[in-house]
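Peer 1: Here it is, the structure in full.
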Amino acid sequence: MPTDVKNGVAPSSKPKFWNDPEKRALLFQILMILTILGFFAYIISNALFNLEKRGITTGFDFLGQAAGFEILLTLIPFDATYSFGRTFIIGLLNTLLVSVLGIILATVIGFIMGIARLSQNWLINKVATAYIEIFRNIPLLLQIFFWYFAVLQPLPSPRQSIEIGSAFLNNRGFYIPWPEFHPAFMFVTIAFAIAVVAVIFLVKWNHKRQDETGQTFPVFRAALALLIGLPLIVYFLAGSPMTWDYPALKGFNFRGGATIIPELMALLIALSVYTGTFIAEIVRSGILAVSKGQSEAAHALGLNNSRTLRLIVVPQAMRVIIPPLTSQYLNLIKNSSLATAIGYPDLVSVFMGTTLNQTGQAIEIIFMTMAVYLTINLLVSLFMNWYNKRMSLVER
Amino acid sequence: MIVNDKKLPDLPPPASTVGLVGWMRTNLFSSPTYTVLTLIVAYLLWITVIPAIQWAFINADWAGDSRDACTSGGACWVFIGARFNQFIYGFYPETEYWRIDVLFVMLAILIAALVYEGTPKRGWISAFTLIVFPIIAFFLLYGGSFGLEVVETHKWGGLSLTLVLALVGIVASLPIGVLLALGRRSEMPVVRSFCTVFIEMWRGVPLITILFMASVMLPLFAPEEIDFDKLLRALIGITLFQSAYMAEVIRGGLQAIPKGQYEAADALGLSYWKKMGLIVLPQALKIMIPGIVNTFIALFKDTSLVLIIGLFDLLAIVQAALSDPKWLGYSIEGYTFVAFVFWVFCFGMSRYSQFLERKLHTGHGAR
C-alpha cells in the first residue's frame, strides 16, 4: 500500500476484511439477499393488506367455481356451467391452436420470401424485398387491427357471402367443407402407418446399399408412391369411407362444414405475415452463410444441382438458421397474446381478461398465465440446446 | 497467308446482351421458369398496385373539413387532416401545443447532431440527450413549475405519447440493462443467478402480460397511500420488459471485448467499477449501438400495446377516432396513416443501424 510505505509503517500481512475481495463479495451477496427478501416481504404484506381491504380471498379455490360465461371458440366442450379452471384449459388450447397454425404459415411464407430475396430474377427479388421492408416495420397490433377491422369486418353478411368453390367467406367467418370419417377409415390410417414404416426401412436399405455398392435407388419417388399410393388403394378397397360435409345457408347463417372465425383469421394472417418477414431474413442470411466453395466443391465432385442443395447447402444453412428461427417461433407464441385486442379467446383474453374480471384473483391468474409462457419458453430452449448440441460441428 | 499486324477493333457485344433487352434477358427472362414467374408476379402487381395507387393518390380527396368533401371514391385523407392535431398531440390543451412542438424540435436537433459524424463533442451531446433532455421534457410536458399550467397525464396522447413511452423506455432501461448485464457476468453466484432469473423471466413472457401485471398488480403491491398514475404504471412495465432485452444486447457487447482488455485493466490495479467504466463499457457501448437501435425499433412498435390497458397512443387514438359516427367507414385511411408514421420511423432507424453495422464491420469478410 503506497500510503503505508509513505508513513513508514510496514504493510500488514492481514488485510482489513473490507479489502479482501472474497469477504467483500460474501458481504455484498448477503446484503443483496436480505434486500430482496425485505422487498418481497414488503410487497407481500402490502398485497395481503390491500386484498383483505377489498375482500378478496387468496388461493386457488376459484378454479373450481362455475364460470358463468360463454367462450367464442372452444376446442373441447364448454358452456357456462363449466369451471374457471376449464377456461384456463380452453384459453391455453386456443393459444396453442393459433401458435401452431401461425408457425406453419410463417415458416412457409418466410422460406419462400427468403429464397425469393436471393433470386436472380429482378422482379421477384424486389417484390420479396418490398414485402420484408414494409411488413416488419409496422407494429403487429396495427396489422391485426387492419385485417380484422378494415378487411374482414366489412365483408358481406352470410346471405351475400363470397363463394370460393364450395367454401364461403362472409363477416361471420370462413366456412369450409370438412371431412367426415366413417369407422372403416381406420384401415386407411393403418395403411398410412405401414407405408411410413416401409419408407423408413427403404431409406435405411438404400443407405446400406450405397455404402456397399455405390449404387443408388430413386428413394424419393418410391417413398412418395408408397405414402400416397398405399392409403389410396386401401381407401378405395374399403369403399371410400369418408364424405365431405359441405356448409350450406340455413336461415341467417351457414350450417355444416367447419368455420374459421374472423378473429382467428385476422390473427393468423397478421402473425404469419409479420413473423414471415423475420424468418425470410434469417433464411437469407443462413443460405448466404454457406460459402460458395462448398457448392463449387460439390459440383466438382459431380453432384447435380438438387443433390448439392439437399446434401451440402441445406444441412449447413440449417445449422445457422435453426437457432434464430426458434426465437422467432417463441416471439410468435408470445405475440399471439395480442389476440385479446380483437377478442380471439386465447389464454390472455379468456383467463387474464374475462376470468380475472369475474373473480378478481389478480395475483393467482397473472402468475398462472406468466408461468404458462415461461414454461413454453423453457421447453423450447431446452429442445434448442439439445438440437444445437446434436447439430454443432464435431471439431477435431 | 494473311498477316495483320494491327489489332482489329472489338466487335460490339450481341444486341441481345446489352441495353434494356439484355438487362431483361439476364434479370427477368433468363430461363423458362423465370419467364413464367416474372409474368405471374407482374400480373399480380398490375392488379394490386395500380388500383392501390389510384385509390391512394389519383382518386383521393385531400382538402375539406367534413366527410362531405370525400366524393371521388378514392381515399379520404380529409379524415386524417381534420383529426391531425389530435393524432399528434392527443387531448393536450390547444393553447399548450407549443410545449410539445418545442420538444419535437429539440429532439430532432439532438438526434441530427448525434447521427451526423462531424458534430464536435458527440459524447457530451449523447449524455445530454440521455440525462438532461428527459428532465426538461418532463417539466415542459407536465408543467406545474416555471409558471406552466399543469397538464395531467391522461390528457397526453397521440404520437407524442408514443414517443414519450418509447424514449422513457429506452432511457430508463439503459442503466438498468447495464447493471443486469454486468450482474449476469459477475462471479458472485447470488448476483449472477438473480440477474439471470430476472432477465429470463421478463424475456419469457409477452409484453401484454407485463402491462396487465403493472396495471392490475402494482396498486396491490404498493402501500395504500401511493396512487400510481396509469401512464406511470405502463412506463414501469415497459421499463422492466425493455431492460431485460437491453441487458442481453449489452451482454453481447461485453462479450465482444477481448479478454486482454479486462486483464490489462486488472493489471493496472483498477477497481471493478473503474475497469468497467473507463475501459470496458466505453468500448462495448460503441459496438452495441446497432443492437440498441434494433431493440429500440422493437420497443417503438411495441408501445402500441398500451392501447390494451387504456392509454391513447397513436394507434389507440386513431382507433378511437374511427368509431366517431361522423367519420365511420374510413378505417383503411386511418390504419394507413398510422402504418406510414410507424414505418417511416422504424425504416429510418433500421437503415441507420445497418449503416452503423457496415461501418463497424471493417476487417475480414466485409460485406
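Peer 1: Considering the stretch B:59-68 alone, what residues qualify as being hydrophobic (A, V, I, L, M, F, W, C) and within 17 Å of B:S331 (Cα to Cα)?
Peer 2: B:A60, B:W62 - these are the residues of the stretch B:59-68 that are hydrophobic (A, V, I, L, M, F, W, C) and within 17 Å of B:S331 (Cα to Cα).
Peer 1: Within the stretch A:96-146, track down each residue that is buried (at least 17 other Cβ atoms within 10 Å of the Cβ), among the polar types (S, T, N, Q) and assigned to a helix (DSSP H, G or I).
Peer 2: Once the filter is applied, which keeps residues that are buried (at least 17 other Cβ atoms within 10 Å of the Cβ), among the polar types (S, T, N, Q) and assigned to a helix (DSSP H, G or I), the stretch A:96-146 yields A:S99, A:T107, A:Q143.
Peer 1: Residues A:V273, A:V290: which one is modelled with pLDDT under 90, among the β-branched types (V, I, T) and open to solvent by less than 40 Å² (accessible area, probe 1.4 Å)?
Peer 2: Result of the check over A:V273, A:V290: A:V290.
Peer 1: Among the candidates A:G257, A:G229, which residue alone is in contact with an Asp or Glu (Cβ under 8 Å, 6 or more places away or on another chain) and either in the same structural domain as A:I104 (by TED's automatic domain parsing) or open to solvent by less than 40 Å² (accessible area, probe 1.4 Å) (or both)?
Peer 2: A:G257 is the lone residue from the list that is in contact with an Asp or Glu (Cβ under 8 Å, 6 or more places away or on another chain) and either in the same structural domain as A:I104 (by TED's automatic domain parsing) or open to solvent by less than 40 Å² (accessible area, probe 1.4 Å) (or both).
Peer 1: If I filter the stretch A:303-319 for residues that are within 30 Å of A:L48 (Cα to Cα), of a type outside the set (D, E, K, R), in a helix (DSSP H, G or I) and open to solvent by less than 50 Å² (accessible area, probe 1.4 Å), do I get at least one hit?
Peer 2: Checked the stretch A:303-319: no residue is within 30 Å of A:L48 (Cα to Cα), of a type outside the set (D, E, K, R), in a helix (DSSP H, G or I) and open to solvent by less than 50 Å² (accessible area, probe 1.4 Å).
Peer 1: Answer yes if at least one residue in the stretch A:71-82 is part of a helix (DSSP H, G or I) and among the charged types (D, E, K, R), and no otherwise.
Peer 2: Residues of the stretch A:71-82 that are part of a helix (DSSP H, G or I), as a first pass: none.
No, because not a single residue in the stretch A:71-82 is part of a helix (DSSP H, G or I) and among the charged types (D, E, K, R).
Peer 1: Could you check the stretch B:341-354 and list, in sequence order, the residues that are of a type in the set (F, W, Y), open to solvent by 20 Å² or more (accessible area, probe 1.4 Å) and at the interface with chain A (Cβ under 9 Å from one of its Cβ atoms)?
Peer 2: B:W343, B:F345, B:F347 - these are the residues of the stretch B:341-354 that are of a type in the set (F, W, Y), open to solvent by 20 Å² or more (accessible area, probe 1.4 Å) and at the interface with chain A (Cβ under 9 Å from one of its Cβ atoms).
Peer 1: So, one more: Does the stretch B:229-244 contain at least one residue that is in a helix (DSSP H, G or I), surrounded by fewer than 22 Cβ atoms within 10 Å (Cβ to Cβ) and free of Cβ contacts under 8 Å to residues at least 24 places away in the same chain?
Peer 2: For the stretch B:229-244, residues in a helix (DSSP H, G or I), surrounded by fewer than 22 Cβ atoms within 10 Å (Cβ to Cβ) and free of Cβ contacts under 8 Å to residues at least 24 places away in the same chain: present.
Peer 1: May I ask you to say which residue of B:R25, B:R67 is within 30 Å of B:F337 (Cα to Cα) and either of a type in the set (K, R) or in the same structural domain as B:Y335 (by TED's automatic domain parsing) (or both)?
Peer 2: Of the residues listed, the single one that is within 30 Å of B:F337 (Cα to Cα) and either of a type in the set (K, R) or in the same structural domain as B:Y335 (by TED's automatic domain parsing) (or both) is B:R67.
Peer 1: Tell me, yes or no, whether the stretch A:278-288 has at least one residue that is among the basic types (K, R) and out of contact with any helix residue (DSSP H, G or I) (no Cβ under 9 Å at 6 or more places or on another chain).
Peer 2: Just the residues of the stretch A:278-288 that are among the basic types (K, R), to begin with: A:284.
From what's left, out of contact with any helix residue (DSSP H, G or I) (no Cβ under 9 Å at 6 or more places or on another chain): none.
No, because not a single residue in the stretch A:278-288 is among the basic types (K, R) and out of contact with any helix residue (DSSP H, G or I) (no Cβ under 9 Å at 6 or more places or on another chain).
Peer 1: Let me ask something else about it. Report whether or not B:E200 is of a type in the set (D, E), within 14 Å of another protein chain (Cβ to nearest Cβ), farther than 29 Å from B:T95 by Cβ and in a helix (DSSP H, G or I). Explain how you work it out, then say what you get.
Peer 2: Details: of a type in the set (D, E): yes; within 14 Å of another protein chain (Cβ to nearest Cβ): yes; farther than 29 Å from B:T95 by Cβ: yes; in a helix (DSSP H, G or I): yes.
Spelling it out, B:E200 is indeed of a type in the set (D, E), within 14 Å of another protein chain (Cβ to nearest Cβ), farther than 29 Å from B:T95 by Cβ and in a helix (DSSP H, G or I).
Peer 1: Okay, next question. Only one residue in A:L48, A:L93 is aliphatic (A, V, I, L, M) and either closer than 30 Å to B:R192 by Cβ or under 36 Å from the mean Cα position of the chain (by Cα) (or both). Which one?
Peer 2: A:L93
Peer 1: Residues B:S186, B:S160, B:S173: which one is polar (S, T, N, Q), farther than 25 Å from B:G253 by Cα and open to solvent by less than 30 Å² (accessible area, probe 1.4 Å)?
Peer 2: On the way: B:S186 fails: farther than 25 Å from B:G253 by Cα; B:S173 fails: farther than 25 Å from B:G253 by Cα.
The unique qualifying residue is B:S160.
Peer 1: Take the residues in the stretch B:189-208 that are among the aliphatic types (A, V, I, L, M) and open to solvent by 20 Å² or more (accessible area, probe 1.4 Å); name whichever of them is farthest from B:I88 (Cα to Cα).
Peer 2: So, considering only residues that are among the aliphatic types (A, V, I, L, M) and open to solvent by 20 Å² or more (accessible area, probe 1.4 Å), the one farthest from B:I88 (Cα to Cα) is B:V190.
Peer 1: Same structure again: Going by the structure shown, is B:D302 more than 10 Å from every other protein chain (Cβ to nearest Cβ), of a type in the set (D, E) and either surrounded by 22 or more Cβ atoms within 10 Å (Cβ to Cβ) or without any contact (Cβ under 8 Å) to a residue 12 or more places away in the chain (or both)? Steps first, please.
Peer 2: Values: more than 10 Å from every other protein chain (Cβ to nearest Cβ): no; of a type in the set (D, E): yes; either surrounded by 22 or more Cβ atoms within 10 Å (Cβ to Cβ) or without any contact (Cβ under 8 Å) to a residue 12 or more places away in the chain (or both): yes.
Against the criterion (more than 10 Å from every other protein chain (Cβ to nearest Cβ), of a type in the set (D, E) and either surrounded by 22 or more Cβ atoms within 10 Å (Cβ to Cβ) or without any contact (Cβ under 8 Å) to a residue 12 or more places away in the chain (or both)), B:D302 does not qualify.
Peer 1: Looking at A:S349, is it within 7 Å of chain B (Cβ to nearest Cβ) and under 20 Å from B:S304 (Cβ atoms)?
Peer 2: no
Peer 1: Which ones in the stretch B:205-231 are more than 13 Å from A:N50 (Cβ to Cβ), over 21 Å from the mean Cα position of the chain (by Cα) and more than 8 Å from chain A (Cβ to nearest Cβ)?
Peer 2: Passing the criteria: B:A214, B:S215, B:D229, B:K230.
Peer 1: Has the stretch B:314-326 got any residue that is over 17 Å from A:F135 (Cβ atoms), within 13 Å of another protein chain (Cβ to nearest Cβ) and not in a helix (DSSP H, G or I)? Let's see the steps before the verdict.
Peer 2: Within the stretch B:314-326, the first condition is being over 17 Å from A:F135 (Cβ atoms), and the residues that meet it are B:314, B:316-326.
Right, trim to within 13 Å of another protein chain (Cβ to nearest Cβ) and you get B:314, B:316-323.
Keeping just the survivors that are not in a helix (DSSP H, G or I) gives B:323.
Yes, there is a match, as at least one residue in the stretch B:314-326 is over 17 Å from A:F135 (Cβ atoms), within 13 Å of another protein chain (Cβ to nearest Cβ) and not in a helix (DSSP H, G or I).
Peer 1: Let me ask another. Going by the conditions given, is B:L281 under 30 Å from B:G90 (Cα atoms), open to solvent by less than 30 Å² (accessible area, probe 1.4 Å) and at pLDDT 85 or above?
Peer 2: no
Peer 1: Could we say that B:I111 is under 30 Å from B:V151 (Cβ atoms), in a helix (DSSP H, G or I) and open to solvent by 70 Å² or more (accessible area, probe 1.4 Å) here?
Peer 2: On the way: under 30 Å from B:V151 (Cβ atoms): yes; in a helix (DSSP H, G or I): yes; open to solvent by 70 Å² or more (accessible area, probe 1.4 Å): yes.
Taking the combined requirement at face value, the residue satisfies it.
Peer 1: If A:I322 satisfies every condition in (1) outside any helix (DSSP H, G or I); (2) away from chain B (no Cβ under 14 Å); (3) touching a residue at least 12 places away in the same chain (Cβ under 8 Å) but one, which is the exception?
Peer 2: It is condition (1) that A:I322 fails.
Peer 1: Continuing with the same structure: For the stretch A:50-72, what are the residues that are within 9 Å of chain B (Cβ to nearest Cβ) and loosely packed, with under 13 Cβ neighbours inside 10 Å?
Peer 2: Of everything in the stretch A:50-72, those that are within 9 Å of chain B (Cβ to nearest Cβ) and loosely packed, with under 13 Cβ neighbours inside 10 Å turn out to be A:K53, A:R54.
Peer 1: For the subset of the stretch B:43-59 comprising residues that are without any contact (Cβ under 8 Å) to a residue 24 or more places away in the chain, touching a helix residue (DSSP H, G or I) at 6+ places or on another chain (Cβ under 9 Å) and surrounded by 14 or more Cβ atoms within 10 Å (Cβ to Cβ), which member is farthest from the other protein chains (Cβ to nearest Cβ)?
Peer 2: Checking each candidate, the answer is B:W55.
Peer 1: Collect the residues in the stretch B:7-33 that are of a type in the set (A, V, I, L, M) and either under 16 Å from A:W122 (Cα atoms) or surrounded by 10 or more Cβ atoms within 10 Å (Cβ to Cβ) (or both), keeping them in residue-number order. Explain how you work it out, then say what you get.
Peer 2: Here is the first cut: in the stretch B:7-33, the ones of a type in the set (A, V, I, L, M) are B:8, B:11, B:15, B:18, B:20-21, B:24, B:28.
B:V18, B:L20, B:V21, B:M24, B:L28, listed by residue number.
Peer 1: Is it the case that the stretch A:147-162 has a residue that's away from chain B (no Cβ under 14 Å), within 23 Å of A:A258 (Cα to Cα), outside any helix (DSSP H, G or I) and among the basic types (K, R)?
Peer 2: Within the stretch A:147-162, none of the residues are away from chain B (no Cβ under 14 Å), within 23 Å of A:A258 (Cα to Cα), outside any helix (DSSP H, G or I) and among the basic types (K, R).
Peer 1: Look at A:L288 and say whether it is without any contact (Cβ under 8 Å) to a residue 12 or more places away in the chain and part of a helix (DSSP H, G or I).
Peer 2: no
Peer 1: When the residues of the stretch A:364-375 are narrowed to those that are touching a residue at least 24 places away in the same chain (Cβ under 8 Å) and more than 8 Å from chain B (Cβ to nearest Cβ), which ends up most open to solvent (accessible area, probe 1.4 Å)?
Peer 2: Ranking the qualifying residues of the stretch A:364-375, first place goes to A:M368.
Peer 1: Mind checking which pairs have a first residue in the stretch B:323-339 that is loosely packed, with under 13 Cβ neighbours inside 10 Å and a second that is in a helix (DSSP H, G or I), Cβ under 7 Å, 6 or more apart or different chains?
Peer 2: B:K326/B:R67
The values are calculated or read from the model by the stated rules, or taken from the named source; none is laboratory data. On a predicted model such as this, the values are computed, not experimentally measured, just so you know. We place every Cβ from the backbone using ideal geometry, glycine too, and count neighbours over all the protein chains shown. Heads up: the accessible areas ignore ligands, DNA and RNA and are worked out on the full protein's heavy atoms, side chains in. Shrake-Rupley method; radii C 1.70, N 1.55, O 1.52, S 1.80 Å.
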